[in-house]
Amino acid sequence: MSRIAPPAPRFADQFYAGARACLPVVISVAAYGLVWGVLARGAGLSLLEVMLMSGLVFAGAAQFVALDLWTITPATLPIGPLIIAALIINLRYLLLTATLRPLFKPDSGVKDALKMALVTDENWAMTVLEMKRGRGSVGFLMGGGALAYVCWMATTMTGHILGSVIDDPARYGLDFAFTATFLVLLLGMWKSRADLLPWAVAALSAIIASRLVDGSWHILIGGLVGSLAGALADKVRHVD
Amino acid sequence: MWTSPEALYAIAGMALVSFAVKAAGLLLANRLPRHGFAAAWLSHIPGAVLAALVAPALVTGSLAEIIAAAATALVYLASRNLFAAMACGVFCVYLARLALGA
């Protein structure tokens, strides 16, 4: 038995490393999951509906907006608007998963696309950070995603069950976990002064857009405008 | 009451479009060039998206959030520890809201 060396468990190692790296950021997932679960109970979702939505949709921002649209009476449930809202809010994932392409083989197809179901803001950001350090892998991405998934399921269900006890999550500062986490992830991505322009343009256009349009459009608008500004600046620099 | 057909349709539809967008990002990226303007654009997307996520939340936040954000950034820059910075941010916003009565 000991003569046969087991093959190096690379995927498992990377999976574990990804889950470990995402442990701190998953705390914001947990905070948001609790808050969402509490609010979902108030909006009239049953525990089964909470489990189905968290398990199948698995997108925090879209699920928060869905609560605004949800009605307790099934007959008046706005099915079309709920689906369109989820599409619009999640459009930014088009940009996020596109940046993960270097992790996959050039001929990757449907099987790899299925793995994108486990991509969240959190494990995407940790994986991109890892890629910028010259590491990162599909296993790393999946490990973080699996941890985020389990955590999201557990905390949204817990929030729904404890709904009547935690009446105001903002009292404990839990609502700030989201901002704090993304602020830290942004700071961690700083590479050079070339980052300043796209970040500033993205921040400004997102602030302006958030005042003009409802929903999560400002994230998409800021991300697009800021990254285009950065690419234009790069082009100008290379021409010099 | 457990659920209704309407709720099931809505959840299934939301799940389908959410997954379709995530999958399309990866599949479309395969058709994008690896160098030049498009590649530079893609490389700037992560930071820009994060900046767009954070900035409106900070601008619309109260003084408590601004103090907590500054504390979060300082702790992170000093320690490079994500969890310490996050925990400090949440604790600061809790304290600042108590102190400011917000």
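Structure values in brief
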{"item": "Among A:17, A:218, A:161 - extreme Cα towards positive end, dipole of chain A, charges at beta-carbon", "result": "A:17"}
{"item": "Region A:191-206 - phi-based ³J(HN,Hα) in whole Hz, Karplus 6.51/-1.76/1.60, Gly and Pro as x", "result": "10, 7, 5, 5, 7, 4, 4, x, 5, 5, 5, 4, 4, 5, 5, 5"}
{"item": "Paramagnetic reach from residue A:11 in region A:96-111 [backbone N under 13 Å; point 7 Å along Cα→Cβ]", "result": "A:111"}
{"item": "Region A:66-189 - charge dipole about Cα centre, Lys and Arg +1 at Cβ, Asp and Glu -1, debye rounded to 20", "result": "580"}
{"item": "Distance (nanometres) between label positions extended 7 Å along Cα→Cβ at residue A:214 and residue A:46", "result": "2.9"}
{"item": "Estimated vicinal HN-Hα couplings, Hz - region B:52-58 in sequence order (Karplus 6.51, -1.76, 1.60; Gly, Pro = x)", "result": "5, 6, 7, 4, x, 5, 6"}
{"item": "Assigned charges on the beta-carbon of Lys, Arg, Asp, Glu; the protein assembly as shown dipole about Cα centre (debye)", "result": "1180"}
{"item": "Mean residue ellipticity (222 nm) of the protein assembly as shown, computed from DSSP H runs ≥ 4 via -39,500 (n - 2.57), nearest 500", "result": "-25000 deg cm²/dmol"}
{"item": "Trypsin sites (Lys or Arg not before Pro) within region A:68-129, DSSP loop, no more than 10 other Cβ atoms inside 10 Å", "result": "none"}
{"item": "Gain upon complete extension [residue A:110, residue A:171; 0.36 nm per residue less C-alpha separation]", "result": "17.5 nm"}
{"item": "Cα gyration tensor shape of chain A, rounded if a/c is under 1.5, else prolate or oblate by comparing a/b with b/c", "result": "oblate"}
{"item": "Karplus-derived 3J(HN,Hα), 6.51/-1.76/1.60, for each residue of region A:82-93, Hz, glycine and proline x", "result": "4, 6, 5, 4, 5, 4, 5, 5, 8, 3, 4, 5"}
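Read the figures in this text as sums done on the coordinates, not as results from a lab. What you see is a predicted model, and the numbers here were worked out from it, not measured in a lab. Please note: Cβ atoms are built from the backbone with ideal geometry, for glycine as well, and neighbour counts cover all protein chains shown.
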